[in-house]
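*Asks:* Got a structure here, written out as structure tokens. Questions coming.
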Amino acid sequence: MRIDDAAALCFVSSDLLSRLENGRPITMDKLLKVLDGLGLRMLVVPAGDAVLLKSELEGIRAGHKPSSDRCNTSGNDE
């Protein structure tokens, strides 16, 4: 996808996407707008949980069931 097409899809300027692509600073609201336009979400978790979450996601993608002792599927906090 060309940068100007992606920018139009995200309702931001191609200059903003270029800054993001090159690691230059952009505001959080613009970052969230780009993520939303590309159908992505940002998940913030404690650093110690990131490895566990990555492992669980890799297992699910490989066709394994989530670890029941670590996964609360009821939607309620325990």
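*Asks:* Packing-wise, with mean Cβ within 10 Å as the measure, how do 25-32, 10-17, 60-67 rank, highest first?
*Replies:* 10-17, 25-32, 60-67
*Asks:* Also: Apply the Karplus parameterisation 6.51 cos²θ - 1.76 cosθ + 1.60, with θ equal to phi minus 60°, to every residue of segment 20-27 and state each ³J(HN,Hα) to the nearest whole Hz, in sequence, with x for glycine and proline.
*Replies:* 4, 4, 8, x, 8, x, 9, 7
*Asks:* Same structure again: Using only helices, what value at 222 nm comes out for the chain when you add -39,500 (n - 2.57) per DSSP H run of length 4 or more and divide by the total residues, to the nearest 500 deg cm²/dmol?
*Replies:* The helix contribution divided over the chain gives -15500 deg cm²/dmol.
*Asks:* Turning to a different aspect of this structure: Any idea of the accessible area per residue across the chain, 1.4 Å probe, to the nearest Å²? Mind dumping the intermediate values first?
*Replies:* Working: 6400 Å² over 78 residues.
Value returned for the chain: 82 Å² of accessible area per residue.
*Asks:* Quick check: net charge around Leu17, other residues with Cβ under 12 Å of its Cβ, Lys/Arg +1 and Asp/Glu -1?
*Replies:* Result for the local shell: +1.
*Asks:* Between the helical axis of 28-37 and the dominant principal axis of the chain, each derived from Cα atoms, what acute angle in degrees is found, rounded to the nearest 10?
*Replies:* 80 degrees
*Asks:* Out of the total accessible area of the chain (probe 1.4 Å, heavy atoms of protein only), what percent is carbon and sulfur?
*Replies:* Reported share for carbon and sulfur atoms: 56 percent.
*Asks:* Something else about it: By how many nm would the segment from Lys54 to Ser13 lengthen if fully extended, with 0.36 nm per residue of separation less the alpha-carbon distance?
*Replies:* Here the segment from Lys54 to Ser13 would lengthen by 11.5 nm.
*Asks:* Which of the three applies to the chain, rounded, prolate or oblate, going by the alpha-carbon gyration tensor with a ≥ b ≥ c and a/c under 1.5 meaning rounded?
*Replies:* prolate
*Asks:* Working from Cα positions, state the angle (0 to 90°, nearest 10) between the long axis of helix 47-61 and the longest principal axis of the chain.
*Replies:* Helix 47-61 and the main axis of the chain meet at about 80 degrees.
The values are calculated or read from the model by the stated rules, or taken from the named source; none is laboratory data. Just so it is clear, the structure is predicted and the values come from calculations on it, not from any experiment. Backbone-built Cβ (ideal geometry, glycine too); neighbour counts: all protein chains shown. Keep in mind that these areas ignore ligands, DNA and RNA; they rest on the heavy atoms of the full protein, side chains included. Shrake-Rupley method; radii C 1.70, N 1.55, O 1.52, S 1.80 Å.
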